[in-house]
Amino acid sequence: MKIVGNVEICNRLLPSLNISGRGRSQWSSLAIGKQAGTEAELYILHQSAQNKLGTKYKVKKNIEQVFTRFVNEGKATIRFKNPPHDICIKCDSLQLKCFLRTLKLGLEEKISPKALMLSNITTTSKLPSIPKTKLEVLSKAAYPILEGFPRTLQILRINHAEQKKFDNKILRLQNLKLLDLSHNELTHLPEELGSLPSLECLHLSHNKLSETPIHDTKWNWISSYNLTRSLQVLDLSNNELCLLPKQISKLKKLSILKIERNKLTELPPGLGNLTHLRLFYSPELVPRSLVLYLDHAHYCVCGSACFETFARKYVPLQLKNIANTVILSQEGNTIVPGNAYFCSYKCANTH
């Protein structure tokens, strides 16, 4: 059984000598098995580009503890007694679970010795190349039509590639965190985009999204389960949009929304419910008079902006709900009057 990933060897004795015991994380392989022979010991063999001969760690009665708290994130640590080393592993979570399972079965002698032979793992074995995590495609000619995209990508930029249709091969990139499709000719995205579990940044500026009606179901990708919990940056600038899709109000983690250089006449009413959102506007993007107008706006408890017409009343505010510590005098009260604005009498009566 062999896995490949980032491995860090920590020597637990060195800190007692005022020397850092942490090594540098290296792209390495870890193999578990026995050398040929009926009485052979079970070992873990660690190999890297700097240590091609490898280092063997005896397993039987030599493992003090295995830390698996973050195994679902692809992280685990094996603590050896002699030498006093901690092997810190970071790799694919599924492979790591299989490796640890094999280790357990080997220790319990519940697996065939032939299945644990190291004979096929030589000291000259070439390590697989470090997985690619970033790719930029900056023209139509450079687009990887046949070879596709490496499954390990975390950042993908496809710009000026004249893409008129979303490439569904992108949906296979389950580690993707940033997707930049700016400067293309896309009119919509598929609802399946929500299958990406870790997407945090999505850049769609300089496309043709305005050709899709704002109430069309082709905007439903925005409100998919994963994106509502992961997306933090959304760039819809330079798309000639007259309205924003109402589904944006479901992006709970959204902190940056770029919508400059469109033809917007209003914003979705639920935008104010996005507590992490920061809208940036300046005289370079909108008229200075509008900047002052926005700065003096009040906001209803429903999230809608209140400009010239609004209702206002005092409501009881429990200080313990908004502060960790409240210091009062002997006769103090933790409930104080709060100033609230409402966009309509209906909101005022509801809240």
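All of the numbers you see were taken from the coordinates with simple rules; none came from a lab. Bear in mind that the values here come from a model prediction, so they are computed numbers and not experimental data. Neighbour counts are summed over all protein chains in view; Cβ atoms, including those assigned to glycine, are modelled from backbone coordinates with ideal geometry.
Structural remarks
- Normalised contact order of region 30-101, rounded percent, pairs of Cα under 8 Å and 6 or more residues apart: 19
- Structure note, pairs LYS75/LYS132; LYS208/LYS346; LYS208/LYS250: Cα-Cα distances above 28 angstrom occur for LYS208/LYS346.
- Subtracting the Cα-Cα distance of HIS276 and HIS296 from their residue separation scaled by 0.36 nm leaves 5.2 nm.
- Taking amide hydrogens as placed 1.01 Å from N in the peptide plane, the amide H of SER255 sits under 5 Å from those of VAL233, each at least 5 positions away in sequence or on another chain.
- Sites matching GluC sites (Glu not before Pro) across region 1-65 that sit in DSSP coil, with at most 12 neighbouring C-beta atoms within 10 Å: GLU39, GLU41
- In the calculated pair-distance distribution of region 157-284, the portion above 25 angstrom amounts to 16 percent of the Cα-Cα pairs.
- Entry for region 196-246 at q = 0.22, 0.28 Å⁻¹: log10 I(q)/I(0) = -0.88, -1.19, Debye formula applied to identical alpha-carbon scatterers, no solvent contribution.
- ILE214-ILE335 pseudo-label distance in nm [points 7 Å out on the Cα-to-Cβ vector]: 4.1
- Computed from the Cβ-Cβ distance with R0 of 45 Å, the FRET efficiency linking THR187 to GLN95 stands at 0.70.
- Sites VAL315 and GLN65 - FRET efficiency at Förster radius 45 Å, r taken between beta-carbons, to 0.05: 0.25
- In range of the label at LYS165: residues from region 200-214 whose backbone nitrogen is under 13 Å from the point 7 Å along Cα→Cβ: none
- Annotation: average projected area of the chain is 28.9 square nanometres, based on the convex hull of Cα atoms across all directions.
- 14 Å beta-carbon shell around LEU179, net charge (K/R +1, D/E -1): -1
- Rounded to 5, the percent of DSSP beta bridges in the chain classed as antiparallel: 70
- Rel. contact order, % - alpha carbon contacts under 8 angstrom, at least six apart, the chain: 8
- Model label points for ARG261 and LEU53, set 7 angstrom from Cα along the Cα-to-Cβ axis, are 6.0 nm apart.
- Sorted peptide list for 304-315, 202-213, criterion being average Cβ within 10 angstrom, highest first: 202-213, 304-315
- The GluC sites (Glu not before Pro) found in region 125-173 that occupy coil by DSSP, while having at most 11 further C-beta atoms within 10 Å, are GLU147, GLU162.
- Against the chain, whose longest principal axis is taken from its Cα atoms, helix 93-107 shows a tilt of about 30°.
- Cβ-based net charge around PRO268, under 14 Å, with every Lys or Arg adding one and every Asp or Glu removing one: +1
- Positive-end residue, the chain charge dipole about Cα centroid, Cβ charges, pick of PRO150, HIS298, ALA49: ALA49
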